[in-house]
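Working notes, structure below.
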Amino acid sequence: MSSTVKKFRGTGVAMVTPFKNDGSVDYKQLEKVTQHIIKGKCEYLVVLGTTGESVTLTKEEKKSVVKCVINAADKKVPVVLGHGGNNTQELLEGLNTLNFKGIDALLSVSPYYNKPTQEGIYQHYKALAQNSPLPIILYNVPGRTASNITADTTLRLAHDCKNIIAVKEASGNIEQMMKIINGKPKDFLVISGDDALTLPLSACGGDGVISVVANAFPKDYSEMVRLSLKGDFAKAQKLHYKLLEIIGLLFVDGNPAGVKCAMQLLRVCNDKVRLPLVGVTKPTSDRLKELIKKYR
């Protein structure tokens, strides 16, 4: 496995973007979150993903958020930038204007709303791959995009485009993921997009996760992933089941409202989200409080 690909094996964290009470980005808390994750020994950071509420940030805020994370990370871990959407031409133009200094790879979500065919998805990513100066991680999340990247399309891209180095698979379809693992090139990673499925995917030959829960519990979750990648499933299972109910609660009222609630309870950052998202309900908050108290 090449050194470029190897650094994305393990736990990446789909970082939250903390907000102040007035709705503005809280850069001091963002620095704190970055350092909290790095201290927890996660392998890399993912900024401006879904969990970062990137679709509600202005262009200037996005630039400032990326700069803040890069500076706070201080080259201790790789940084992946979310750069995806449903307008292929706009994304290609963005590749000509983005500042890639301090960025190690791009995470690009499959086009949403348009509902392209598999050929359309293939041509979309091929165009990005031909123009990107950085490696690309595909992001398949049918629950948000309304279309699935099939195993055949993922494998076609993996074999045809050398700088497409991985897929973040959040389809929830283990059979599809196994098909990709079985047919992929050597230097191609299959990364879990579901925290609860990372352990079983590792047993099937997966390469780690881009995680939500690791915003709040980076130390234990990243250790669980490292143990599972080493094949030490007895120890990995203990950490997996220690966090499993918490993981489920994080998505009851939507992401990132759940993980931000947990992070506030852990005093990492506050729980503010931007509309159209709202905070978790009181029953969810109360149950998270109980579980975190028990966890500690």
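Just checking, how many residues over the stretch 26-61 are under 22 Å from VAL278 (Cβ atoms) and either in contact with a Gly (Cβ under 6 Å, 6 or more places away or on another chain) or part of a helix (DSSP H, G or I) (or both)? Even if it seems obvious, please write down each step before you answer.
First, pick out the residues of the stretch 26-61 that are under 22 Å from VAL278 (Cβ atoms): 26, 29-30, 33, 48-58, 61.
Filter once more, keeping what is either in contact with a Gly (Cβ under 6 Å, 6 or more places away or on another chain) or part of a helix (DSSP H, G or I) (or both): 29-30, 33, 48-49, 54-56, 61.
Residues in the stretch 26-61 being under 22 Å from VAL278 (Cβ atoms) and either in contact with a Gly (Cβ under 6 Å, 6 or more places away or on another chain) or part of a helix (DSSP H, G or I) (or both): 9 in total.
Pairs under 9 Å by beta carbon, first residue farther than 25 Å from LYS219 by Cα in the stretch 1-25, partner assigned to a strand (DSSP E or B) and not basic (Lys, Arg), six or more apart or different chains?
Pairs found: MET1/LEU189; SER2/ILE165; VAL25/PHE19.
The rows are residues; the columns are (1) over 21 Å from ASN255 (Cβ atoms); (2) buried (at least 20 other Cβ atoms within 10 Å of the Cβ); (3) in contact (Cβ under 8 Å) with a residue 24 or more places away in the chain; (4) polar (S, T, N, Q).
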| position | (1), (2), (3), (4) |
| --- | --- |
| THR34 | no, yes, yes, yes |
| VAL46 | no, yes, yes, no |
| VAL66 | no, yes, yes, no |
| ILE70 | yes, no, yes, no |
| VAL79 | no, yes, yes, no |
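Inside the stretch 265-292, can you point out the residues that are among the charged types (D, E, K, R), over 14 Å from VAL33 (Cβ atoms) and either assigned to a loop (DSSP other than H, G, I, E, B) or touching an Asp or Glu at 6+ places or on another chain (Cβ under 6 Å) (or both)?
Passing the criteria: only ARG274.
Looking only at the stretch 142-158, decide whether some residue is in contact (Cβ under 8 Å) with a residue 60 or more places away in the chain and in a strand (DSSP E or B).
Checking the stretch 142-158: not a single residue is in contact (Cβ under 8 Å) with a residue 60 or more places away in the chain and in a strand (DSSP E or B).
Being under 21 Å from the mean Cα position of the chain (by Cα), modelled with pLDDT under 95 and surrounded by 16 or more Cβ atoms within 10 Å (Cβ to Cβ), is that true of even one residue in the stretch 88-100?
There is at least one residue in the stretch 88-100 that is under 21 Å from the mean Cα position of the chain (by Cα), modelled with pLDDT under 95 and surrounded by 16 or more Cβ atoms within 10 Å (Cβ to Cβ).
Scanning for something within 17 Å of the chain's Cα centre (by Cα) and either assigned to a loop (DSSP other than H, G, I, E, B) or under 20 Å from GLU53 (Cα atoms) (or both), does the stretch 220-233 turn up at least one residue?
no
Scan (1) part of a helix (DSSP H, G or I); (2) surrounded by fewer than 18 Cβ atoms within 10 Å (Cβ to Cβ) for the single condition GLY205 breaks and write down its number.
All conditions are met except number (1).
Output yes when any residue across the stretch 223-230 is free of Cβ contacts under 8 Å to residues at least 24 places away in the same chain, closer than 28 Å to PHE188 by Cβ, of a type outside the set (Lys, Arg) and surrounded by fewer than 18 Cβ atoms within 10 Å (Cβ to Cβ), and no when none is.
no
Check off (1) under 19 Å from GLY23 (Cα atoms); (2) buried (at least 16 other Cβ atoms within 10 Å of the Cβ) for LYS59 and give me the number that stays unchecked.
(2)
Return only the number of the condition from (1) surrounded by fewer than 21 Cβ atoms within 10 Å (Cβ to Cβ); (2) touching a helix residue (DSSP H, G or I) at 6+ places or on another chain (Cβ under 8 Å); (3) not acidic (Asp, Glu) that LEU243 does not satisfy.
Single failed check for LEU243: (1).
When the stretch 1-25 is examined, which residues are found to be buried (at least 19 other Cβ atoms within 10 Å of the Cβ) and out of contact with any helix residue (DSSP H, G or I) (no Cβ under 9 Å at 6 or more places or on another chain)?
Scanning the stretch 1-25 gives a single hit, PHE8.
The values are calculated or read from the model by the stated rules, or taken from the named source; none is laboratory data. Since this is a predicted model, take the numbers as computed values, not measurements. When we count neighbours, we look across all protein chains shown, and the Cβ atoms used for this are built from the backbone with ideal geometry, even at glycine.
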